[in-house]
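The values are calculated or read from the model by the stated rules, or taken from the named source; none is laboratory data. From a predicted model like this one, the values you see are computed outputs, not experimental measurements. Please note: Cβ atoms are built from the backbone with ideal geometry, for glycine as well, and neighbour counts cover all protein chains shown. Ligands, DNA and RNA are stripped out before the accessible areas are found, and what is left, the full protein with its side chains, is counted by its heavy atoms. Shrake-Rupley method; radii C 1.70, N 1.55, O 1.52, S 1.80 Å.
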Amino acid sequence: MLEKASNPLIWVGIEVDRFGLHEQAAMLLRQLNIPYVTELLSKTVLAEDDALFAGVFDGQASSAEVQSLVEGADFVLALGVWLTDLNTLGWSPEFEKTAFVSFDTVKYGTNFWAQVALAHAIDALTKSGVSREAAPLPAVTPPTTAPPDPAAPITYTGFYDFIPRYVDENTIVGSDASLNYFGSLLLRVPTARAFFAQPSYSSIGYISPAATGVCLAKRREQRVMVFAGDGGFQMSAQCLSTQTRFGLDPIIFVIDNGVYGVEQWLADPTVFRTDDPFYDSCYLHPWEYSKLAAVFGCQGWKAATYGELDDAVRGALANTSGPSIIQVVINEKSIPVNAEWKKT
């Protein structure tokens, strides 16, 4: 099927990381010369600056270019992909054109082969010598490079258009279970294994304390940058204490929209397009997040405009003696552009 398909596609999943098959998978991809996508759960399993990498596929939350690539593929080889609801948003898997190699099985249409390890499948495909002429990747819309008006209020999409200028080969990025999933999904991270999230269980409040462990494990020249929702951060704010105590220096962005935004989005997204109020249960007790820095002995900033955000990020990057918390104030009705597909 890889040889016969007109528009084949490789879908790289989380098991490539879980089983330490990064080099083997990268070798196979170079041999096959076929474009590949990842899933949110496997984002940056391989470096995202690879010429064959097309983007993260996550159903209708994907970029238009990635959705077009997946829809136009006539054969998809899914290597170690897990089908969770947060990896297939608004999309139904097309089993008749997708071969899934995961959970020690191969599933293709109505065919099922048990006891096939992912490592063995990758090794056998590599040894088979199967290859193709390079297929052109779809045109990718370049990220916004024009600086925003420093006095303009920050929006969810605007924040994620702004932040890539501070993400380089030494940046490790993390996203909490929140509307940040959508923004970070489209964020290009050049280094392999430099993105972490928890889209299987999606426990809100995970990402800020998780930054503690990542800071302890990272290389000296790397910097950890995580994006938390305000609701999730309220569950685990005391992580700043441990990070301060041990001199760890993550940069924690708390997107402060005053609501459990993703819960409202899941229950009724129409509220974001109207003047209707949020569910009472989705409103948060307001915190002055940046002032927590005085409580825990670290540094904090509050930003409601892009000028203030630029000053805050520069200040946080210069602070290497402890954690930095940046309170990013946005309107409660602002959501990432790739979350707007959900109508009901």
> Out of (1) more than 27 Å from LEU2 (Cα to Cα); (2) in a helix (DSSP H, G or I); (3) open to solvent by less than 10 Å² (accessible area, probe 1.4 Å), what's the single condition that is false for ILE122?
Replying inline: (1)
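Just to be sure, is GLU263 more than 19 Å from ILE252 (Cα to Cα), assigned to a helix (DSSP H, G or I), within 23 Å of the chain's Cα centre (by Cα) and of a type in the set (Asp, Glu)?
When the stated conditions are applied, GLU263 passes them.
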> If you take the residues in segment 85-103 that are buried (at least 16 other Cβ atoms within 10 Å of the Cβ) and among the polar types (S, T, N, Q), which one is farthest from ARG18 (Cα to Cα)?
Replying inline: THR98
>> Restricting to segment 48-72, name every residue that is closer than 16 Å to ALA194 by Cβ and open to solvent by 30 Å² or more (accessible area, probe 1.4 Å).
In response: ASP49, ASP50
>> Suppose we filter segment 169-189 for residues that are among the charged types (D, E, K, R) and either crowded, with 24+ Cβ neighbours inside 10 Å or within 15 Å of VAL56 (Cα to Cα) (or both); how many remain?
In response: 2
> Since PHE103 meets every condition but one in (1) within 18 Å of PRO190 (Cβ to Cβ); (2) at pLDDT 95 or above, which condition does it not meet?
Replying inline: (1)
> When the residues of segment 1-22 are filtered to those that are acidic (Asp, Glu) and at pLDDT 95 or above, which remaining residue is least open to solvent (accessible area, probe 1.4 Å)?
Replying inline: GLU15
>> Which residue is nearest to ASP17 (Cα to Cα), if the candidates are limited to segment 186-244 and must be modelled with pLDDT of 95 or more and hydroxyl-bearing (Ser, Thr, Tyr)?
In response: THR191
>> Conditions first: (1) surrounded by fewer than 24 Cβ atoms within 10 Å (Cβ to Cβ); (2) assigned to a helix (DSSP H, G or I). SER203 passes all but one, so which condition is the exception?
In response: (2)
> Could you say whether any residue in segment 314-335 is closer than 23 Å to PRO199 by Cα, of a type in the set (S, T, N, Q) and in contact (Cβ under 8 Å) with a residue 60 or more places away in the chain?
Replying inline: yes
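Which residues, counting only those in segment 148-168, are touching a residue at least 24 places away in the same chain (Cβ under 8 Å), closer than 20 Å to CYS215 by Cβ and open to solvent by 30 Å² or more (accessible area, probe 1.4 Å)?
Filtering segment 148-168 down to residues touching a residue at least 24 places away in the same chain (Cβ under 8 Å) leaves 148-160, 162-164, 166-167.
Then drop every residue that is not closer than 20 Å to CYS215 by Cβ, which leaves 163, 166-167.
Selection gives TYR166 alone.
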>> Being surrounded by fewer than 21 Cβ atoms within 10 Å (Cβ to Cβ), modelled with pLDDT of 95 or more, aliphatic (A, V, I, L, M) and within 27 Å of ALA151 (Cα to Cα) is the requirement here; does ALA312 meet it?
In response: no
> Residues in segment 240-265 that are touching a residue at least 60 places away in the same chain (Cβ under 8 Å) and open to solvent by less than 10 Å² (accessible area, probe 1.4 Å): how many?
Replying inline: 11
> So which of ALA228, ALA294, ALA210, ALA192 is in a strand (DSSP E or B) and either under 21 Å from the mean Cα position of the chain (by Cα) or exposed (fewer than 15 other Cβ atoms within 10 Å of the Cβ) (or both)?
Replying inline: ALA228
>> Considering only residues that are under 19 Å from the mean Cα position of the chain (by Cα) and open to solvent by 20 Å² or more (accessible area, probe 1.4 Å), which ones fall in segment 23-45?
In response: LEU41
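One line per residue, one yes/no per condition, for (1) of a type in the set (Ser, Thr, Tyr); (2) surrounded by 22 or more Cβ atoms within 10 Å (Cβ to Cβ); (3) over 30 Å from ARG219 (Cα atoms):
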residue: ASP276; (1), (2), (3): no, no, yes
residue: TYR279; (1), (2), (3): yes, no, yes
residue: TRP287; (1), (2), (3): no, no, yes
residue: ALA303; (1), (2), (3): no, yes, no
residue: GLY322; (1), (2), (3): no, no, no
residue: GLU332; (1), (2), (3): no, no, yes
> LEU216 is checked against (1) surrounded by 18 or more Cβ atoms within 10 Å (Cβ to Cβ); (2) of a type outside the set (Val, Ile, Thr); (3) over 18 Å from GLN299 (Cα atoms) and fails just one. What number does that condition carry?
Replying inline: (1)
